[in-house]
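Asker: Please read through the structure below; I'll follow up with questions.
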Amino acid sequence: MNTEIFGVIAMFLVTITLAIPLGKYIGKVYNGNKTLWDPIFNPLDKLFFKAGGINPANNMTWQQNLVALLTINIVWFLLSMFVLMSQSWLPLNPDGNSSMTADLAFNTTISFITNTNLQHYSGESGLSYFGQITLMLWQFISAAAGMAICATVFKAMKPVLHSAKEKAAEVGNFYCLFVKSCTRILLPLCVVVAVLLLLNGTPMTFKGKDQFISVQGDTVNVSRGPAAAMIAIKQLGTNGGGFFGVNSAHPLENPNYFTNTIENVCIILIPIAMIFALGFMLKRKRFAWMILGIMTLGFLLLVIPSIYYEMHGNTAIAKMGVLQNLGSMEGKEVRFGPAASAYWGITSTVTSNGSVNAMHDSFTPLTGMFAMLGMMVNAFYGGVGVGFLNFYIFMIIAVFISGLMVGRTPEFLGKKIEAKEMKIAAIIALLHPFLILVGTAISSHLYAHNPQTYAGWLNNPSSHGYSEMLYEFTSSSANNGSGFAGLGNNTPFWNIACGIVMLLARYLPIIGPVAIAGILAKKKYIPESAGTLKTDNSTFAIMIFAVIFIIAALSFFPALALGPIAEYFGMK
């Protein structure tokens, strides 16, 4: 077997192997069960509960949980805007980096509090160390918020043990789940990953730039900083914001193949573990494996052809007589190779991670399309917590359609799916393509009618330039944060437009599934009978996959045909 392919398979198997026990642990944490680490984390949790005035025993309704999430996000937004627009005179700025403009600070703040981490700046020159640490705090907070709100949906889905009225209130305490997500899950994992990165050469210092003399005799200034800590949470929290401008393609951010494996495993570790946590909490392991099977099928349909195309080179370059025995290596690091780069590219885009170890703008056209499709579907693993919420919408739609097909009232886990839930699910399902396609249409119109005014936007003509704009809005709406870097995006239009898209695409898809779960929790439980639709078998799995495929195809195929598909046939 090709060693590159073996490396990719090993990464995926290691991820699944680690996700199973991690998922069981996460399920125990959210259920309030005892764990081995309680003597260490109980005092830490109590400290935060006391400081925040939180009574973890108090259950909150789904409306109260949403209000809590949205309210604290406003506080984080204001604090982050102040830091980014004032960092030039704040401490921990040894390299003298300047403050951000208002529009760039607006984009960056929204980007990090929404778990997107879209960067219209270069990390080492755009931020002071104080700014980096502030954004690293949001990386913990946004990831934990997504996990906590997902846990409330898990709790709402649990089997009814008493009256529906009592059950309706038992969707957990957002503040308690949020703190535990930080202290008991994200923090210990990040410590382990950061130490491994540190031991392999990733810097962790508050000193300014260092100097060395190159082989040619030139004096080179090398940026460094407290990078190891930020890289750990950027990967584990499906954040993706790099400490350095080129993200994990940078030799200090990702020094070797071992660190590349660690960081790549971290991208989908918690999203997969959350599925196993669902099975543990609901005591429906088969149901969890069914969900994981659908997600994995979709993931493999994207990653396998991507690896194939990147390993077989670029046909346009081959026509020039250039030998490509290593595959398509434009925009890639030799120390990783095309297979590991393509695998990272897809794992990063099926989740909301968005980190890169190769330049996505240099992928062959169809690999670029598969990366976009991962973000357009936004439910194959997805971001920590929120990825399941997106998948939950597809499940509700699939249940409703299945019920109509057999002439029965649609039921999901013992609860009737009625008009109100379907209206919410339909709105959320259509929101994602609406934001992507409207944003791309507006930007395309502006550029086409004023090419001189907006000349700095595109560094590539024709279909690839269109793909750069499509990718930017797709990444923003999927809260992903990666980009086709040929786009000149640090302008007021892109900063403000992407900021608005990131806000709408983060919070509305959270509000919808939580509302549906909360509404269903109030309904009377209907025991299973011979006519009950089974939701843990292959038939239902096929139905969900068909719903995802049809919605994605109808929504995005025309747009993709104008971009990467047209570019692919143009190379022939």
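Asker: Among the residues of segment 519-572, which ones are closer than 30 Å to His360 by Cβ and not in a helix (DSSP H, G or I)?
Answerer: Of everything in segment 519-572, those that are closer than 30 Å to His360 by Cβ and not in a helix (DSSP H, G or I) turn out to be Gly563, Met571, Lys572.
Conditions tested, residue by residue: (1) at pLDDT below 95; (2) buried (at least 21 other Cβ atoms within 10 Å of the Cβ); (3) of a type in the set (Lys, Arg); (4) over 30 Å from Gly123 (Cα atoms).
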{"residue": "Lys283", "(1), (2), (3), (4)": "yes, no, yes, yes"}
{"residue": "Met295", "(1), (2), (3), (4)": "no, yes, no, yes"}
{"residue": "Val303", "(1), (2), (3), (4)": "no, yes, no, no"}
{"residue": "His312", "(1), (2), (3), (4)": "yes, no, no, yes"}
{"residue": "Val322", "(1), (2), (3), (4)": "yes, no, no, yes"}
{"residue": "Gly337", "(1), (2), (3), (4)": "yes, yes, no, no"}
{"residue": "Gly354", "(1), (2), (3), (4)": "yes, yes, no, no"}
{"residue": "Ser362", "(1), (2), (3), (4)": "yes, no, no, no"}
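Asker: Then there is this: Mind checking whether some residue in segment 279-288 is touching a Lys or Arg at 6+ places or on another chain (Cβ under 7 Å), under 28 Å from Met136 (Cα atoms), of a type in the set (Phe, Trp, Tyr) and touching a residue at least 60 places away in the same chain (Cβ under 8 Å)?
Answerer: For segment 279-288, residues touching a Lys or Arg at 6+ places or on another chain (Cβ under 7 Å), under 28 Å from Met136 (Cα atoms), of a type in the set (Phe, Trp, Tyr) and touching a residue at least 60 places away in the same chain (Cβ under 8 Å): absent.
Asker: Evaluate the following for Phe540: is it surrounded by 15 or more Cβ atoms within 10 Å (Cβ to Cβ), at pLDDT below 95 and aromatic (Phe, Trp, Tyr)?
Answerer: Here the answer is yes, as Phe540 does meet what is asked.
Asker: Can you give me the number of residues within segment 196-225 that are part of a loop (DSSP other than H, G, I, E, B) and in contact (Cβ under 8 Å) with a residue 12 or more places away in the chain?
Answerer: The total comes to 12.
Asker: Check whether at least one residue in segment 36-49 is out of contact with any Pro (no Cβ under 7 Å at 6 or more places or on another chain), surrounded by 12 or more Cβ atoms within 10 Å (Cβ to Cβ), modelled with pLDDT under 95 and not in a helix (DSSP H, G or I), and report yes or no.
Answerer: yes
Asker: Count, please, the residues in segment 3-28 that happen to be acidic (Asp, Glu) and free of Cβ contacts under 8 Å to residues at least 60 places away in the same chain.
Answerer: Total satisfying the criteria: 0.
Asker: Something else about it: Criterion first (touching a Pro at 6+ places or on another chain (Cβ under 9 Å), in a helix (DSSP H, G or I) and closer than 25 Å to Gln132 by Cβ) does Ala273 satisfy it?
Answerer: Taking the combined requirement at face value, the residue does not satisfy it.
Every residue, every condition in (1) modelled with pLDDT of 95 or more; (2) closer than 20 Å to Met11 by Cα; (3) in a loop (DSSP other than H, G, I, E, B); (4) within 19 Å of the chain's Cα centre (by Cα), yes or no:
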{"residue": "Ile231", "(1), (2), (3), (4)": "yes, yes, no, yes"}
{"residue": "Gln235", "(1), (2), (3), (4)": "yes, yes, no, yes"}
{"residue": "Gly242", "(1), (2), (3), (4)": "no, no, yes, yes"}
{"residue": "Asn254", "(1), (2), (3), (4)": "yes, yes, yes, no"}
{"residue": "Thr259", "(1), (2), (3), (4)": "yes, yes, no, no"}
{"residue": "Ile262", "(1), (2), (3), (4)": "yes, yes, no, yes"}
{"residue": "Val265", "(1), (2), (3), (4)": "yes, yes, no, yes"}
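Asker: Let me ask something else about it. Given the residues Met469, Met543, Met502, which is the only one that is among the hydrophobic types (A, V, I, L, M, F, W, C) and under 27 Å from Ala316 (Cα atoms)?
Answerer: Met469
Asker: Looking for something touching a residue at least 12 places away in the same chain (Cβ under 8 Å) and closer than 20 Å to Ala145 by Cα - is there at least one such residue anywhere in segment 34-41?
Answerer: yes
Asker: Does Ser463 satisfy the condition of being within 26 Å of Ser348 (Cβ to Cβ), among the polar types (S, T, N, Q) and surrounded by 18 or more Cβ atoms within 10 Å (Cβ to Cβ)?
Answerer: Against the criterion (within 26 Å of Ser348 (Cβ to Cβ), among the polar types (S, T, N, Q) and surrounded by 18 or more Cβ atoms within 10 Å (Cβ to Cβ)), Ser463 qualifies.
Asker: Looking at Ala342 and the list (1) farther than 22 Å from Asn489 by Cβ; (2) in a loop (DSSP other than H, G, I, E, B), which single condition is not satisfied?
Answerer: Failing condition for Ala342: (2).
Asker: Taking segment 73-89 as the region of interest, how many residues are polar (S, T, N, Q) and over 22 Å from the mean Cα position of the chain (by Cα)?
Answerer: 3
Asker: If only one of Leu70, Leu92 is surrounded by fewer than 18 Cβ atoms within 10 Å (Cβ to Cβ) and under 20 Å from the mean Cα position of the chain (by Cα), which one is it?
Answerer: After applying the criteria, what remains is Leu70.
Asker: Something else about it: Identify all residues within segment 42-53 that are touching a residue at least 40 places away in the same chain (Cβ under 8 Å) and either over 17 Å from Ile141 (Cα atoms) or not hydrophobic (A, V, I, L, M, F, W, C) (or both); write none if there are none.
Answerer: Within segment 42-53, Asp45, Gly52 meet the criteria.
Asker: Could you list, in sequence order, the residues of segment 403-428 that are crowded, with 22+ Cβ neighbours inside 10 Å, part of a helix (DSSP H, G or I) and of a type outside the set (D, E, K, R)?
Answerer: If the condition is that a residue be crowded, with 22+ Cβ neighbours inside 10 Å, part of a helix (DSSP H, G or I) and of a type outside the set (D, E, K, R), then Ala425, Ile428 are the ones that fit.
Asker: Among the residues of segment 510-528, is there at least one that is within 17 Å of the chain's Cα centre (by Cα) and hydroxyl-bearing (Ser, Thr, Tyr)?
Answerer: No, because not a single residue in segment 510-528 is within 17 Å of the chain's Cα centre (by Cα) and hydroxyl-bearing (Ser, Thr, Tyr).
Asker: Now a separate question. Read through the list (1) closer than 19 Å to Thr474 by Cβ; (2) surrounded by fewer than 24 Cβ atoms within 10 Å (Cβ to Cβ); (3) not aromatic (Phe, Trp, Tyr), then give the number of the only condition that Thr367 fails.
Answerer: Here Thr367 meets the rest and fails (2).
Asker: Being among the aromatic types (Phe, Trp, Tyr) and surrounded by fewer than 21 Cβ atoms within 10 Å (Cβ to Cβ) is true for just one of Phe391, Phe434. Which residue is that?
Answerer: Within the list Phe391, Phe434, the selection yields Phe434.
Asker: Just to confirm my filter: which helices (runs of 4 or more DSSP H) fall fully inside segment 57-164 and include at least 1 residues that are within 30 Å of Lys523 (Cβ to Cβ) and touching a residue at least 24 places away in the same chain (Cβ under 8 Å)?
Answerer: 62-84, 129-157
Asker: Which one is nearest to Asp103 (Cα to Cα), of the residues in segment 440-493 that are outside any loop (DSSP other than H, G, I, E, B) and of a type in the set (Phe, Trp, Tyr)?
Answerer: Phe493
Residues checked against (1) outside any helix (DSSP H, G or I); (2) touching a Gly at 6+ places or on another chain (Cβ under 8 Å); (3) hydroxyl-bearing (Ser, Thr, Tyr):
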residue: Pro305; (1), (2), (3): no, no, no
residue: Ala316; (1), (2), (3): no, no, no
residue: Leu326; (1), (2), (3): yes, yes, no
residue: Ile346; (1), (2), (3): no, yes, no
residue: Ala379; (1), (2), (3): yes, yes, no
residue: Gly382; (1), (2), (3): yes, no, no
residue: Ala398; (1), (2), (3): no, no, no
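The values are calculated or read from the model by the stated rules, or taken from the named source; none is laboratory data. Everything numeric here is computed off the predicted structure, so don't read it as measured data. Reconstructed Cβ throughout: ideal geometry from the backbone, glycine too, with neighbour counts over all protein chains shown.
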